[in-house]
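Colleague: This is the structure, below, for whatever I ask next.
The values are calculated or read from the model by the stated rules, or taken from the named source; none is laboratory data. Just so we're clear, the structure is a prediction, and the values are computed from it rather than from any experiment. Backbone-built Cβ (ideal geometry, glycine too); neighbour counts: all protein chains shown.
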Amino acid sequence: MNTAATETNRRILVIDDLEEIHDDLRKILAPGPRGATDLEEDEALLFGAAPIETVQFELDSAYQGQEGLEKVRQALAEGRPYAVAFVDIRMPPGWDGVETIARIWEADPLLQAVVCTAYSDYSWRDIHKRFGQSDSLLILKKPFDSIEVIQLAHALTRKWELTEQARHRIVDLDRTVAKRTAKLEQAHLRIRRELEERSAAQEAFRTIFEAGPIGITLLDLNGRYVDANRAFEEQVQVARAAFIGKTTAEFPVLDVETIDQCREELHSAGRVDGKEVVFCRNLGGPRTALIWLRVVDIRQVRHCLVFFLDITERRRMEEDLRQARIAAEAANKLKSEFLANVSHEIRTPMNGIIGFTELALDTKLDAEQREYLETVNTSGQALLAIINDILDFSKIEAGRTELELIPFSLRENVETAAKTIVPEARRKCLALSTKVRPETPDSLVGDPGRLRQVLLNLVGNAVKFTPRGAVDLEVSVDDLRETTVVLHFAVRDTGIGIPADKQSCLFQPFRQADGSITRKYGGTGLGLAISSWLVNKMGGRIRVDSEMDKGSTFHFTAQFALANTPAAVPAVSAGIS
């Protein structure tokens, strides 16, 4: 306890059921300036000394044993324990003094106790039997003698202080001894562990050195072989006994020019990292290796440590893979060109089928014939859309897609794209709207057909995946300069939404957010991939913001030249080529 160890403890607890006893003890032990003067003469007569300054004790009162125990516990919790307790022997109806002291000592064994009694309720034998031979218990007969009370208070508080100081010294000594013992034990364990670790490290290093797959050799600064592992033996196909003690000139693994380059690099940089070299081994032709060089101290002598990795087979595999990749890319290009040609050839008869079906629908037909022809027309339109996607994608893969640079009206292009989707939106009772902000320039130079294709893909998808609500297309200016403009297009819907973990694959070919979507809504999964490619060609980027069951917003930007400007065509060409 910091208080007990550093400060004088004059705290006394009086436990008595009579208020008069508390007053008497307070007058004796905490009388104030006037009371202190009255006692100075008595102390001078008793001790034969000159009057000294009266000591003021700090008194607390409790009127039953239970209350006294609570005060003792509270004082301990606050770090301000009592040094002495004056306890009455009889305190009806609660505990008596003996029971009270027994309970208090369970909480605070260091407390000095004075039993105050005017009767022989307990004999000394009874008290001794209850507490044993205790040096912390005194008996004070009532009525009190003031000098005796003062002596007891001085002596017992001083005894408590000395006991507490001794206890702290013992604790400090125990702690010091424990610390020093622990340090000695730690030092002993550290030394023993270091010896064990050094021995284990040497054994482990030798094991790794011998069993490692990388060739390792050690040379002195004169280029003489000092040691080598099995991997180095296998790579050069010579037993170590044949070259240990020889120089690199006597046992040349590398040519003289490479050795000189390594020495120069080691001298200038202090190390050589992953240098690719050609070496010759005992059997076979030249091979390729990577080497690393380090300068190390062994028994205070400088050496050169060389790591040697044969990568001949890896280089051969890399070359085979490169050739295979070239062949695969060529085959993929041929496939794309073939697919583009086939798709183009299929589209021509499909246009004929759809055209003549529409002509047949304009003739007189009964209900059943009209239903059949409308089904043929709808299926033909769907098949043509798939063929168009495949054709566009195959052209992209084959590198046969180019953008036009012609003047066009932005607003007319947006309206044309929207009108194409209107019938499907009306069939689903969706509100379809377009908005081009007033500050957006209308006369542009670019590829209106490809822009319309992107808008049809995005707005068409929005209508397809929106069971109810609205689809909105908004166009605004992202960046306007003297000859060019970057437009921002946003297509918003209130549809089914796209899971966050599926959004990253939306713009990859043949991918949709959910496989079941293809079965429910149809489509090839190429529309967004084609749109992404076209947007990139138009100098922009495409992205999506979406939340499940709350809808999606597809954003893309595109750069166009402003019509009627001298640098219109070159500006667009530079932006989208």
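Colleague: So which residues in segment 233-261 are in contact with a strand residue (DSSP E or B) (Cβ under 6 Å, 6 or more places away or on another chain) and within 18 Å of V272 (Cα to Cα), if there are any at all?
Modeller: V253, L254, T258
Colleague: So which of D121, D135 is more than 30 Å from Q165 (Cα to Cα), part of a loop (DSSP other than H, G, I, E, B), at pLDDT below 85 and not polar (S, T, N, Q)?
Modeller: Going through D121, D135 in turn, just one is more than 30 Å from Q165 (Cα to Cα), part of a loop (DSSP other than H, G, I, E, B), at pLDDT below 85 and not polar (S, T, N, Q): D121.
Colleague: Let me ask something additional. Every residue in segment 53-100 that is touching a Phe, Trp or Tyr at 6+ places or on another chain (Cβ under 8 Å), within 18 Å of A30 (Cβ to Cβ) and in contact (Cβ under 8 Å) with a residue 60 or more places away in the chain, please.
Modeller: Within segment 53-100, A75, A83, V84 meet the criteria.
Colleague: Can you name the residue in segment 431-461 that is touching a helix residue (DSSP H, G or I) at 6+ places or on another chain (Cβ under 7 Å) and small (G, A, S) and, of all such residues, is modelled with the highest pLDDT?
Modeller: G446
Colleague: Could you say which residue among V471, V477 is more than 38 Å from the chain's Cα centre (by Cα), over 30 Å from M548 (Cβ atoms) and in contact (Cβ under 8 Å) with a residue 12 or more places away in the chain?
Modeller: V477
Colleague: If a residue counts only when it is at pLDDT below 65 and under 24 Å from V422 (Cα atoms), which helices (runs of 4 or more DSSP H) contained entirely in segment 462-577 have at least 1 such residues?
Modeller: 515-521
Colleague: Within the bounds of segment 95-106, is there any residue that is under 18 Å from S61 (Cα atoms), among the charged types (D, E, K, R) and touching a helix residue (DSSP H, G or I) at 6+ places or on another chain (Cβ under 6 Å)?
Modeller: Yes; the residues of segment 95-106 include at least one that is under 18 Å from S61 (Cα atoms), among the charged types (D, E, K, R) and touching a helix residue (DSSP H, G or I) at 6+ places or on another chain (Cβ under 6 Å).
Colleague: Turning to a different aspect of this structure: Quick one: which of R175, R192, R198 is assigned to a helix (DSSP H, G or I), of a type in the set (K, R) and within 30 Å of N229 (Cβ to Cβ)?
Modeller: R198
Colleague: Another question, then. Please state which one of R130, R167, R180 is without any contact (Cβ under 8 Å) to a residue 12 or more places away in the chain and assigned to a helix (DSSP H, G or I).
Modeller: So the residue among R130, R167, R180 that is without any contact (Cβ under 8 Å) to a residue 12 or more places away in the chain and assigned to a helix (DSSP H, G or I) is R180.
Colleague: So A500 passes all but one of these: (1) of a type in the set (A, V, I, L, M, F, W, C); (2) more than 13 Å from A431 (Cα to Cα); (3) touching a residue at least 60 places away in the same chain (Cβ under 8 Å). Which condition number does it fail?
Modeller: Result: A500 fails condition (3) only.
Colleague: Quick check on A231: is it in contact with a Gly (Cβ under 6 Å, 6 or more places away or on another chain) and among the aliphatic types (A, V, I, L, M)? First the steps, then the outcome.
Modeller: Working: in contact with a Gly (Cβ under 6 Å, 6 or more places away or on another chain): yes; among the aliphatic types (A, V, I, L, M): yes.
In short, yes.
Colleague: Residues that are in contact (Cβ under 8 Å) with a residue 24 or more places away in the chain and part of a helix (DSSP H, G or I): does segment 266-278 have at least one?
Modeller: Yes; the residues of segment 266-278 include at least one that is in contact (Cβ under 8 Å) with a residue 24 or more places away in the chain and part of a helix (DSSP H, G or I).
Colleague: For A417, work out the one condition from (1) of a type outside the set (F, W, Y); (2) within 24 Å of W533 (Cα to Cα); (3) part of a loop (DSSP other than H, G, I, E, B) it doesn't fulfil.
Modeller: (3)
Colleague: Of all strands (runs of 3 or more DSSP E) completely enclosed by segment 1-104, which ones contain at least 3 residues that are at pLDDT 90 or above and more than 59 Å from the chain's Cα centre (by Cα)?
Modeller: Because the criterion is at least 3 residues that are at pLDDT 90 or above and more than 59 Å from the chain's Cα centre (by Cα), the strands (runs of 3 or more DSSP E) in segment 1-104 that meet it are 84-88.
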